[in-house]
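In what follows, a single structure is set out as structure tokens and then discussed.
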Amino acid sequence: MAESPTYSLAQIIALAKGTTNWYEYAKSLSQHAKNNQDEISGLAGGGTPGWNAPIDSRWYVPDTSSSTTTYTGVTNPTATASDSLYTGYTIIFKANNNNTAASTLNVGTSDGAVSIKKVVSGTKQNVAAGDIDSDAFYLLAFDGTDWLQISGAGGGGATGGSGEETFWENEISIDQDYTITTDYNAMTAGPVTIVGTITVPSGSTWTIV
């Protein structure tokens with residue numbers, strides 16, 4: 001049980017040399033030390049979260065919603081409306097459902113629902129449908145305004161919002177369910193030239209008309 005010292009630590013530290021009422025000051029100092037130790041012991045008791053806990057899950061925030069766009073979660077320790085996010089605060093987030101459009105995450109702070117963004121070609125954008133996969137874990141960092149999607153595991157990879165493959169500058173990678181069709185009659189003049197390497201999975205087919 002915490003004891004109430006007669007003197008504060010600031011008063012004890014400010015004592016002038018030669019102070020004679022040493023017993024009461026020494027007693028207060030010991031009480032402060034005991035109270036502080038009790039608080040530390042409570043944090044280090046092996047629970048979750050805690051110092052020296054066998055497993056620390058403070059940074060994992062699972063989705064508590066059934067939504068596909070407005071996700072919610074609970075931090076550990078639990079944040080309240082009197083708390084606010086700070087720049088650089090990072091969590092590991094897992095959604096219950098794939099997102100279907102631009103999405104937000106509310107972890108119960110005064111910030112409310114905060115947009116989840118991604119960086120594409122140096123530009124911060126809303127996440128698109130399918131960017132958040134329910135089977136994946138995502139590292140999100142608060143940048144002062146939005147949740148920024150730093151990385152994820154198990155998601156769709158380099159795809160656009162409608163699932164199309166990303167076409168790189170020096171290489172075109174084609175899944176076997178794709179067909180390239182070019183209407184030569186629509187061209188004003190000259191043949192169609194594809195520059196680079198086309199990689200086609202074994203057993204797949206594609207045509208140029």
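Summary table
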quantity	calculated
Some residue of region 63-76 being modelled with pLDDT under 95, over 18 Å from residue 150 (Cα atoms) and of a type in the set (Ser, Thr, Tyr)	yes
Strands (runs of 3 or more DSSP E) within region 98-142 that include 3 or more residues out of contact with any Lys or Arg (no Cβ under 8 Å at 6 or more places or on another chain)	104-106, 114-120, 137-142
Pick from region 51-74, criterion touching a Phe, Trp or Tyr at 6+ places or on another chain (Cβ under 9 Å) and hydroxyl-bearing (Ser, Thr, Tyr), ranking: surrounded by the most Cβ atoms within 10 Å (Cβ to Cβ)	71
Positions within region 116-143 being under 15 Å from residue 91 (Cβ atoms) and surrounded by fewer than 18 Cβ atoms within 10 Å (Cβ to Cβ), in sequence order	136, 137, 139, 141, 143
Pairs, first free of Cβ contacts under 8 Å to residues at least 24 places away in the same chain in region 124-153, second surrounded by fewer than 15 Cβ atoms within 10 Å (Cβ to Cβ) and not charged (D, E, K, R), C-beta under 7 Å, six or more apart	135/154
Residue 80 being surrounded by fewer than 17 Cβ atoms within 10 Å (Cβ to Cβ), at pLDDT below 95 and part of a loop (DSSP other than H, G, I, E, B)	yes
Enumeration of residues in region 87-97 that are part of a loop (DSSP other than H, G, I, E, B), over 9 Å from residue 132 (Cα atoms) and not β-branched (Val, Ile, Thr)	88, 89, 96
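Yes/no matrix, rows are residues, columns are (1) in the same structural domain as residue 68 (by TED's automatic domain parsing); (2) modelled with pLDDT of 95 or more:
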| residue | (1), (2) |
| --- | --- |
| 102 | yes, yes |
| 110 | yes, yes |
| 113 | yes, yes |
| 120 | yes, no |
| 127 | yes, yes |
| 133 | yes, yes |
| 141 | yes, yes |
| 160 | no, no |
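The values are calculated or read from the model by the stated rules, or taken from the named source; none is laboratory data. Because the structure is a prediction, the values reported are computed rather than measured. Neighbour counts are summed over all protein chains in view; Cβ atoms, including those assigned to glycine, are modelled from backbone coordinates with ideal geometry.
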